[in-house]
Amino acid sequence: MGSIANAFSSSIGKKLIMGLTGLFLISFLLVHCFLNAFVFFDNTGVLFNEGAHFMATNWIIRAMEVVLMAGLLLHIVQGARLTFQNQAARPVKYAYTNGNANSKWYSRSMGLLGTLLLIFLIVHLSQFWVVSRFTGIPTVDANGHEDLYAVMKVTFKDLYMVILYVLAMVSLAYHLLHGFASAFQTMGWNHKKYTPIIKAIGVGFSIIIPLLFAAMPVWIYLGL
Amino acid sequence: MSTGNMNLTLKIWRQKNTKDQGKMVDYKVSEISPDMSFLEMFDVLNEDLITKGDDPIAFDHDCREGICGMCSMFINGRPHGPKDAVTTCQLHMRSFKDGDTIVVEPWRAKAFPVVKDLTVDRSAFDRVIAAGGFISVNTGNAQDANNLPIPKAQADSAFEAAACIGCGACVATCKNASAMLFVSAKISQLALLPQGQPERYKRVQNMVAQMDAEGFGNCTNTGACEAECPKGISLENIARMNRDYYSAKFVSEEEG
Amino acid sequence: MSAINSNIPEGEITTKWTKFKSSVALVNPSNKRTLEVIVVGTGLAGASAAATLAEMGYKVKAFCFQDSPRRAHSIAAQGGINAAKNYQNDGDSTYRLFYDTIKGGDYRSREANVYRLAEVSANIIDQAVAQGVPLAREYGGLLDNRSFGGTQVQRTFYAAGQTGQQLLLGAYSALERQIGMGKVEMFTRHEMLEVVKIDGKARGIIARNLITGELERHFGHAVVLATGGYGNVFYLSTNAMGSNVTAAWKANKQGAYFANPCYTQIHPTCIPVSGDHQSKLTLMSESLRNDGRIWVPKKKDDNRKATDIPEEERDYYLERRYPAFGNLVPRDVASRAAKERCDAGYGVGSSKKAVYLDFTFNTERYGKIEANKNNLHQPDHETIMRLGREVVKEKYGNLFDMYKQITGEDPYETPMRIYPAVHYTMGGLWVDYNLMTTVPGLYCTGEANFSDHGANRLGASALMQGLADGYFVLPYTIGAYLSKEISVKAIPTDHPAFAEAEVRAKSALDHFINIKGTKSVDYFHKKLGLIMWDKCGMARNAEGLKEAIAEIQQLKKDFWSDVRVPGAADEYNPELEKAGRVADFIELGELMCLDALNRNESCGGHFREEYQTEEGEALRDDENYAYVAAWENKGDGTFELHKEELKFENIKIAQRSYK
């Protein structure tokens, strides 16, 4: 048992936590994006609220929500720890580096991109999650479900908010562009035949998902 | 003694010893031939400094043919300079232009303290190997070499991992000063060979533990190490090490 | 002149070593723990010896001047390692390897040592493979072999062009394992500056911590020098910049005879010198001669591009002169033949000091084989060459890349230009059958000793000798001495002998700092190199050697009065390190010339122009010179010659012929 405990405190163990929570968060993004995409198909919001209602009342989903929050928190805390430890591994910095010659800027900036995403998440969660879970949504829709869609419409009337969301999704795209394939590498899933496929899927995912997310506020702002 | 016509400005890190603060100092060299190696250009500069009564610049170098792994300069923001797949001693001045300014710094990492100027202490690597980078076979205990056929592809992969020269460019270029490429190359070499199997899981645990104890950073898969490695050691090795590590920690019943 | 005893065991050559091993005195395990052995140098010979001695239970201290034992210059050996395995079923045997080595050494090596070397050669491969050294394999999973010079069998094991690296990393890992277990204490960035002798026996060393400049005293019941060769006496050589003779030379000053210093190996295939700035030369492995053909134009001063010279206007001079061995003649023969062509005005390249090494022919041959394998019938020339290049790339890719980086020319397209360069030194400290020098308790292994290669070393035999000495010979033979030392307690290092040795080392260092002259160490080193290359290089003559001796004596005076060593002795000071090494090279250089002058014959790497056959081959004088010249240092630059007669009881001594 000691071996398992100390595994997570080792450099590889820390990577493992980042990779596992990262993949978990990616799977969440997929579900989140799928459900939110209802906004594109129904501008009355009934369909969207139906989905939101299901998510809010299904006990498996509610249980997973706790796991999700824990995963997110772990990802953030571990990410921050890693960033500080890694900075400490080079106490005297180079006067001049040419990182672009050997790696991508976003691969080197996961901490920064992550921090931007964290700031966004605080805003985002307080706008929707806190409202729906704790403070409560005042209105209901035609089906009698809480009208989360209405909250969205109000929020995205504000152009600055729309811009903030779009920029956050740009950060997410770059975060994923590195994180997706990186998680597989960390898990040890590097294979001459499959790695190129994973990388291609990773690029696709990193572009499509944030693009869809970014389209939502724009869509609503434009009243489409 | 010089035969060429290149004039260069050098910005070089000077540091008297480990405790000294150190700073960048500017130097000029002239009549540099494009056929010189980068280290031979340093020879010219040092010859000049000695004649003038100044302290020559200390830098590590030995074989000057790209195999001993001793030379270690961070040139214009990259380990071993602008050319791919070469060491500093194999970098020739034809890779630069007349009038260039070249910034030269030592490898920088907590685990590689500066000894003097551009010379650093890389003994952390030796300690990682001593922790498990071997097969425990005493002299005289070996069976006939051909009693153990090894598929060529596997032997070739092991060789590719074993080609590491231990120069530390991977650590130097990694934004986290991580040593995972170096450590994984040795682990991979031995994990790929049948001889390495008995100690496979013990080895990966011990070597990773030592690597962590030395104060190297954590890998974040930027891929810079692979891109800068003069011997083209692949990131696949890191993935293999990770796999072996998980197997060792979560599957194997042996305690590490 | 007096004779010296080489302590060769009695009996048939085939049984000497076996009998020795079964009769040599042993040391019991509890005594081994109290016996301390110092090993200086951590290349193949040193690392393997240190690891093996520690495995056996001795307390070992190992020293190297590099920042890690993994960087010793053995790492640069490219081509391969010989072993009489007969895996290729081409008739190889221990005797054949023995015979080839004696003949290759031009009948100037000791039969008993060479036979032992051939005997243990097979064990080395087993040991290396067990350590995980990834030697090249065939598709069936078994080990592959290639051909090397001076033999007609394929017995060379290899790992691409990095055989030395892989074998050294194997020995290094064995050493690190012992370090990790606390059985070897490792001192990196330490340079040995003195041997300490107590009551006539070697009992320790003075080593300088190169980082702090501190002089340290280390005791050992025995001291092993595995400090490599002295090729850097020529300044330009294929040796690493730090390779030096200092340890061996200090031992010589303490009574260890220096044997056959004039036997230097000039390797035929190196990248030619490109200018005055050059700091070292780069070897192109001998294995390239497997697949490359060496030629020069038939016309003098032919300035056409190599690819523009038609086949019938090319002189494949090695194939012409030596039809039986062709391009695979031994190194000394190949080097002299290249020099002969260049001196006669057929050289190529801007300096005219180069010949071509051309792969076109074999690229085409391989291409055709590959085309056949791929069922390509009647492929065009382009396809053949492309397929062939892939094969060549797999075999020698790293060497071709290296050539391109240095010269800026692509050897896949145009033939390589090559020229001989100093590569290896067969001479070294004289040792007996037990690898002990004339100082009791002081051993010498690997390139640093003189023992196995005679006047010329065959390719792929250096790795074999280094590892044979370290893994399989010394660990046994040192027991013969140490078994008598079990009652000797570790001598405290405040013993006067340590203090005296330290004073010797310190005064030399202080002296260098205090000269405060006008010229750098390199300035003198380059001058020495030029004298040695011109007058004691590939060809020597009495007149030139006498001049060289006078010039070196003058150079020595200048050096000791005008060298400039910046900095201080109590800090990290690479210039000070170099000064000490060059001071020793200067003295050695004089002895090399003296030895070359004494040896009035030509043999192997020692070619005296006065002694050659009508065809220009080396002319030995077995009547008068079938001996090892072992030089005793009498101080103040005087030396006394001792002779070890070489007896050939198992091989008929004959003129070497590769025709």
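For this structure, a couple of remarks:
- Output for the stretch B:212-224, where each listed residue is part of a helix (DSSP H, G or I) and facing another protein chain (nearest Cβ under 7 Å): B:212, B:224
- Meets criteria (more than 26 Å from residue C:230 (Cα to Cα) and either in the same structural domain as residue C:255 (by TED's automatic domain parsing) or touching a residue at least 12 places away in the same chain (Cβ under 8 Å) (or both)) for residue C:649: yes
- Taken over the stretch C:602-659, the criterion of being among the β-branched types (Val, Ile, Thr) and either surrounded by 13 or more Cβ atoms within 10 Å (Cβ to Cβ) or modelled with pLDDT of 95 or more (or both) is satisfied by C:628, C:638, C:651, C:653.
- Only one of the numbered conditions (1) under 22 Å from residue C:457 (Cβ atoms); (2) without any contact (Cβ under 8 Å) to a residue 24 or more places away in the chain is violated by residue C:634, and that is (1).
- Filter pass, residue B:94 being touching a residue at least 60 places away in the same chain (Cβ under 8 Å) and crowded, with 22+ Cβ neighbours inside 10 Å: no
- Helices (runs of 4 or more DSSP H) contained entirely in the stretch C:327-437, each with at least 1 residues that are within 30 Å of residue C:629 (Cβ to Cβ): C:331-343
- Test: residue in the stretch C:165-179 that is closer than 30 Å to residue C:208 by Cα, part of a loop (DSSP other than H, G, I, E, B) and either more than 7 Å from every other protein chain (Cβ to nearest Cβ) or hydroxyl-bearing (Ser, Thr, Tyr) (or both): no
- Members of the stretch B:139-183 found to be facing chain C (nearest Cβ under 9 Å), without any contact (Cβ under 8 Å) to a residue 60 or more places away in the chain and assigned to a loop (DSSP other than H, G, I, E, B), listed by number: B:139, B:140, B:141, B:142, B:143, B:144, B:148, B:149, B:150, B:151
- Residues located in the stretch C:570-607, provided they are within 14 Å of chain B (Cβ to nearest Cβ), in a loop (DSSP other than H, G, I, E, B) and of a type outside the set (Phe, Trp, Tyr): C:570, C:571, C:573
- Residue in the stretch B:225-256 that is farthest from the other protein chains (Cβ to nearest Cβ), counting only those that are assigned to a helix (DSSP H, G or I) and among the hydroxyl-bearing types (Ser, Thr, Tyr): B:247
- Each residue in the stretch C:281-305 was checked for being part of a helix (DSSP H, G or I) and at pLDDT 95 or above, and 0 pass.
- Any hit, the stretch B:96-111, residues being within 13 Å of chain A (Cβ to nearest Cβ), of a type outside the set (Phe, Trp, Tyr) and within 26 Å of residue C:239 (Cβ to Cβ): yes
- Against the test of being hydrophobic (A, V, I, L, M, F, W, C), modelled with pLDDT of 95 or more, closer than 30 Å to residue B:137 by Cα and assigned to a strand (DSSP E or B), the options C:195, C:223 yield a single qualifying residue, C:223.
- Of all residues making up the stretch C:198-213, the number that are out of contact with any Lys or Arg (no Cβ under 7 Å at 6 or more places or on another chain), part of a loop (DSSP other than H, G, I, E, B) and at negative phi: 1
- Flag if residue A:186 is in contact with a Lys or Arg (Cβ under 7 Å, 6 or more places away or on another chain) and polar (S, T, N, Q): yes
- Considering the stretch B:1-31, the residues that are free of Cβ contacts under 8 Å to residues at least 60 places away in the same chain, within 14 Å of chain C (Cβ to nearest Cβ) and part of a loop (DSSP other than H, G, I, E, B) include one that is surrounded by the most Cβ atoms within 10 Å (Cβ to Cβ), namely B:2.
- In the stretch C:524-566, the residues that are touching a helix residue (DSSP H, G or I) at 6+ places or on another chain (Cβ under 8 Å), touching a residue at least 24 places away in the same chain (Cβ under 8 Å) and surrounded by fewer than 17 Cβ atoms within 10 Å (Cβ to Cβ): C:542, C:546, C:553, C:558, C:560, C:561, C:562
- Among the residues of the stretch B:32-73, those that are more than 7 Å from every other protein chain (Cβ to nearest Cβ), in contact (Cβ under 8 Å) with a residue 60 or more places away in the chain and part of a loop (DSSP other than H, G, I, E, B) comprise B:34, B:57, B:59, B:71, B:72.
The values are calculated or read from the model by the stated rules, or taken from the named source; none is laboratory data. This structure is a prediction, so every number in the text was calculated from the model and none was measured. All Cβ positions, glycine included, derive from the backbone under ideal geometry; neighbour counts span all protein chains shown.
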